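A.B. asks: Here it is, the structure, as structure tokens.
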Amino acid sequence: MTAEQNLVPPAPGAEPRPARLTAAAALAGLEGLALAAGGVWMLVLGLTGSPDDRQGAVTGGITLIVLALLPLLAARGLLLRRRWSRGPAVMTQLMALPVAYNLLQADSVAIPAGIALAVVAVASLVLLVNPATTRALGIRGPERAQDQQ
């Protein structure tokens, strides 16, 4: 046997993480943190302020905090190169697009937030479906899966 035949292939985590995967994880984490911050803000206002509907504000705040878990877990999974993490990350971005559209329809200071959310969601989707990202996560396309059989 030659020295080349004795080489052990590198472990999947041994290769450096692609920058696109790191960027996608950072954007998902940013969205999760923004959701959590919004939830805490609503919760604090509901408990200490004088909202029109105290119960609605508290419920909305708790809901946002719980919803923040999805992109935060997806970001962690992307950083750790977990194959499952791309699904929740893509789902988060697809849910963000209608929210961004509704923010853009408002006649208020919500318009810049809608623009920022739309840009982050589209950029994240582009990063998540990039071939370098799918390879780093070990996701094979349908043509590669058939070749393996």
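A.B. asks: Angle, helix 19-48 long axis vs. longest principal axis of the chain, Cα atoms, 0 to 90°, nearest 10?
C.D. replies: Its long axis makes an angle of about 20 degrees.
A.B. asks: Using the Cα centre as the reference, give the magnitude of the dipole from point charges on the C-beta atoms of the chain (Lys, Arg: +1; Asp, Glu: -1; all else neutral), rounded to the nearest 20 debye. Kindly include the intermediate steps, with their values, before the conclusion.
C.D. replies: Details: 11 positive and 8 negative charges, 94 e Å.
In total the dipole reaches around 460 debye.
A.B. asks: Now for a different question. Which distance in nm do the two modelled labels at residue 52 and residue 22 give, with both placed 7 Å along the Cα-to-Cβ direction?
C.D. replies: 4.7
A.B. asks: 222 nm [θ] for the chain, helices only, -39500 (n - 2.57) per DSSP H run of 4+, per residue, to 500? Walk me through the intermediate numbers first.
C.D. replies: Numbers: 7 runs with 108 residues, N = 149.
The helix contribution divided over the chain gives -24000 deg cm²/dmol.
A.B. asks: Compute the long axis of helix 86-105 from its Cα atoms, compare it with the longest principal axis of the Cα atoms of the chain, and write down the angle in degrees, 0 to 90, nearest 10.
C.D. replies: Approximately 30 degrees, to the nearest 10.
A.B. asks: Counting only protein heavy atoms and a 1.4 Å probe, tell me what percentage of the stretch 44-85's accessible area is made up of carbon and sulfur. Don't skip to the end; give the middle numbers.
C.D. replies: On the way: 1790 of 2740 Å².
Taking all protein chains in place, the stretch 44-85 shows 65 percent carbon and sulfur surface.
A.B. asks: Turning to a different aspect of this structure: For the chain, what is the accessible area per residue in Å², given a 1.4 Å probe and the full set of protein chains?
C.D. replies: Values: 9650 Å² over 149 residues.
Per residue, the chain has an accessible area of 65 Å².
A.B. asks: Let me ask something else about it. On a full-extension model of 0.36 nm per residue, what is the gain between residue 45 and residue 69, subtracting their alpha-carbon distance, rounded to one decimal in nm?
C.D. replies: Numbers: separation 24, 0.36 × 24 = 8.64 nm, distance 2.11 nm.
Going from the current span to full extension adds 6.5 nm.
A.B. asks: Mind checking the angle between helix 69-79 and the chain's longest principal axis? C-alpha axes, 0 to 90 degrees, to the nearest 10.
C.D. replies: 30
A.B. asks: For the chain, what does the relative contact order come out to in percent, with C-alpha contacts under 8 Å and a separation of six or more? Could you put the intermediate results ahead of the total?
C.D. replies: Details: 167 pairs, mean separation 38.2, N = 149.
Relative CO of the chain lands at 26 percent.
A.B. asks: Under 1.5 on a/c is rounded, so check that first for the stretch 18-124, then, if it is not, pick prolate when a/b is larger than b/c and oblate when it is not; a ≥ b ≥ c are the square roots of the alpha carbon gyration tensor eigenvalues. If you can, show how the numbers build up before the last one.
C.D. replies: Working: a/c = 2.74, a/b = 1.57, b/c = 1.75.
Verdict is oblate for the stretch 18-124.
The values are calculated or read from the model by the stated rules, or taken from the named source; none is laboratory data. Computed from a predicted model, the values in this text were never measured in an experiment. No Cβ is skipped: glycine too gets one built from the backbone with ideal geometry, and neighbour counts run over all protein chains shown. Keep in mind that these areas ignore ligands, DNA and RNA; they rest on the heavy atoms of the full protein, side chains included. Shrake-Rupley method; radii C 1.70, N 1.55, O 1.52, S 1.80 Å.
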